[in-house]
């Protein structure tokens, strides 16, 4: 199955330029409804878009709120919450986007119908705090097959990105540290990038470990869970395979650890990534896949996780609010840095709890289990990470974003 990459995405945008032009003409001719807001998310039903929709529905019943669904699964999930929906790529999805006064997205303009967005009040909630460079801060985002090797083409692609991001009227962020990254990554003026807290993280202020474990069991279709849950969630590598699929001896060591600690390892490859972990899942029932096909939005379930294994993913910043231990599996650090770069040094991000292979991960987990000092240091690192990038933990992020939208609309 073909997977999205920056290069293929940019090619599609270039080929769609005539349709963008027609959409712009339509946006001039068709008036926008003062009460219609549409919401979408490239990650599926959930994220900050859903949090804001639910808050808006409670705060102002006069608003007409519609979820722009990617597929039938999104539409069914919306219907379960009594939320109106429409397929984003259909004529109705285009019409609703064209008529909406407010458009809320979490990934890119394709979360809504990109051809009907011109002239709307676009709110970009994004889908995590960036650790690695994104958008204008990395040349990887601007790649196009063949053309990227030419300087004039790189400049033209960059200029197109800058023009498109100007459509974003409001970009809420978690803290001043994050706001600085977003301003350079999206080329936005400071007044459009505000510190309100991230709506997608409000659930972490209210969700309990017990409640999250119940939800995990329901997703997996099991009656009970082992004492501990471990989540492995690597970042996206522009469509490439996950960097380190466990080898035969790695699986053996992992299974031994999981049995000794009464743990379950949940493996969550990036929705746009790849990784064949079938050997592990057949070796032990203590290894389960937990991809976006089972749970599109992982954030509400993070309190159930007793430890996180990741690499450069923004999930570490979310999980820091839970306060659990984290192990950073980064076998390709030098190669990854040479192409993407990061907003902060990796040791600050990992706290020194990093490994280059699976045996190293197991060693760190065992140290955490057996040594109180190591466990304390891991917990302190999570706390420092959360303190640095989250200005609010009161569960009021979504409300602040809603109030800011209404204020900027003159309401």
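Each reported figure results from applying straightforward, stated rules to the coordinates on display, with no laboratory input. Predicted model only: the values in this text are computed from it and were never measured. Please note: Cβ atoms are built from the backbone with ideal geometry, for glycine as well, and neighbour counts cover all protein chains shown.
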Exercise for review: Please report, largest first and rounded to whole Å, the three semi-axes of the ellipsoid equivalent to the stretch 314-374, where each semi-axis is the square root of five times an eigenvalue of the C-alpha gyration tensor.
Suggested key: 22, 15, 9
Exercise for review: Output the peptides 327-334, 400-407 sorted from most to least packed, where packing is the average of other Cβ atoms within 10 Å over each peptide's residues.
Suggested key: 327-334, 400-407
Review point. Say R0 is 56 Å: what FRET efficiency, to the nearest 0.05, do residue 183 and residue 214 get from their beta-carbon distance?
Key: 0.90
Practice item. Sort 25-31, 245-251 for me by packing, meaning the mean count of neighbouring Cβ atoms within 10 Å per residue, highest on top. Key: 245-251, 25-31
**Study point:** Principal-axis tilt of helix 358-370 within the chain, Cα atoms, nearest 10 degrees
**Key:** 70 degrees
Check your understanding: With a ≥ b ≥ c the root eigenvalues of the C-alpha gyration tensor of the stretch 367-411, is it rounded (a/c under 1.5), prolate (a/b larger than b/c) or oblate?
Key -> prolate
Practice item. With both partners inside the chain, how many of the DSSP beta bridges are antiparallel, as a percent to the nearest 5? Key: 5 percent
Check your understanding: Points 7 angstrom from Cα along the Cβ direction at residue 34 and residue 394: gap in nanometres?
Key -> 3.1 nm
**Study point:** Scaled radius of gyration (Cα, divided by 2.2 N^0.38 Å) that the stretch 165-220 gives
**Key:** 1.58
Exercise for review: Treating each Cα of the stretch 223-315 as an identical point scatterer and ignoring solvent, apply the Debye formula and state log10 I(q)/I(0) at q = 0.15, 0.20, 0.23 Å⁻¹.
Suggested key: -0.56, -1.02, -1.34
Point to revise | Global geometry of the stretch 190-271, whether rounded, prolate or oblate, following the gyration tensor of its Cα atoms and the 1.5 cut on a/c | key: oblate
**Study point:** Sum of -39500 (n - 2.57) over DSSP H runs of 4+, divided by residues of the chain (222 nm, nearest 500)
**Key:** -12500 deg cm²/dmol
Revision key, fill the gap. Tilt, helix 248-261 to longest principal axis of the chain (alpha-carbon atoms), in degrees rounded to tens, equals 80 degrees
Exercise for review: Would you work out if the stretch 59-132 is rounded, prolate or oblate? Take a ≥ b ≥ c from the square roots of the eigenvalues of the alpha-carbon gyration tensor; rounded if a/c is under 1.5, else prolate when a/b is larger than b/c, oblate otherwise.
Suggested key: rounded
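Which whole-number percent gives the relative contact order of the chain, counting Cα pairs below 8 Å spaced six or more residues apart?
Details: 735 pairs, mean separation 72.0, N = 411.
Relative contact order here is 18 percent.
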Point to revise | When the chain is reduced to its Cα atoms, the Kirkwood hydrodynamic radius in Å | key: 22.3 Å
Review point. Expressed as an acute angle from 0 to 90° and rounded to the nearest 10, what is the orientation of the C-alpha long axis of helix 6-15 relative to the principal long axis of the chain?
Key: 20 degrees
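Please compute one quarter of the surface area of the Cα convex hull for the stretch 207-389 and express it in square nanometres. All intermediate terms of the calculation are to be shown ahead of the outcome.
Values: hull surface 39.7 nm².
Dividing the Cα hull surface by four gives the mean projection, 9.9 nm².
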Review point. So, in Å, what gap is there between the alpha-carbon centers of the stretch 193-208 and the stretch 346-411?
Key: 13 Å
Review point. Can you pull the semi-axes for the stretch 69-193, root of five times each eigenvalue of the Cα gyration tensor, sorted largest first, whole Å?
Key: 28, 19, 14
